[in-house]
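Structure first, then comments.
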Amino acid sequence: MKTISQMLGSRRAIVVTVSPNESVHYALQLMAEHEVGALLVVENGGLVGILSERDYARKVILKGRLSQETRVSEIMVERVVCATAEMSVEEAMAIMTEYQIRHLPVLDGMKDVVGIISMRDLVEETITEQTFVIRQLEHYIAM
């Protein structure tokens, strides 16, 4: 199975971030613009949190808060679980399952963010890999 680095391929450069001081409304606009379900929260070049649509729903909407008046820092998750680029797809999926999360920032050996993967990305990769193996087996049996 592939490593996360191989899976990311050309997507490595596409990481949408937001400052912890921005409004949640601005963060939601970024999510909509880039069609993503989570943003990495970065301050002074370092990863300080992650903000997802789930955080917005549970910590803003359900509590009757206004997204224009709420800062990202007030609702972001600060203890971010991360993957390394060398990790396998299976290892990343196991981490996401264990911590019940849907988005996983990917760090390189220098601890710099090189991407973010979602559970959907991992499921799609697993299906692609399994389809390939099935086709190879069918070809082998047909010989």
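The values are calculated or read from the model by the stated rules, or taken from the named source; none is laboratory data. Since we're looking at a predicted model, the values are computed, not measured. Don't worry about glycine lacking a Cβ; one is built from the backbone with ideal geometry, like all the others, and counts go over all protein chains shown.
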Check the stretch 58-76 and report whether any residue there is of a type in the set (Val, Ile, Thr), surrounded by 14 or more Cβ atoms within 10 Å (Cβ to Cβ) and within 30 Å of residue 1 (Cα to Cα).
no
Reported set for the stretch 94-121 where residues are hydrophobic (A, V, I, L, M, F, W, C), closer than 27 Å to residue 45 by Cα and surrounded by 12 or more Cβ atoms within 10 Å (Cβ to Cβ) is 95, 96, 101, 104, 106, 107, 113, 114, 116, 117, 119
Return the residues of the stretch 1-56 that are in contact (Cβ under 8 Å) with a residue 24 or more places away in the chain, among the small types (Gly, Ala, Ser) and either assigned to a helix (DSSP H, G or I) or under 18 Å from residue 81 (Cβ atoms) (or both); say none if nothing qualifies.
5, 27, 37, 38, 49, 52
Would you check if residue 104 is free of Cβ contacts under 8 Å to residues at least 40 places away in the same chain and more than 28 Å from residue 131 (Cβ to Cβ)?
no
Scan the stretch 1-14 for residues that are buried (at least 18 other Cβ atoms within 10 Å of the Cβ) and either among the β-branched types (Val, Ile, Thr) or modelled with pLDDT of 95 or more (or both) and jot them down.
4
Take the stretch 62-113 and flag every residue that is under 21 Å from residue 22 (Cβ atoms), under 15 Å from the mean Cα position of the chain (by Cα) and assigned to a loop (DSSP other than H, G, I, E, B).
76, 78, 79, 80
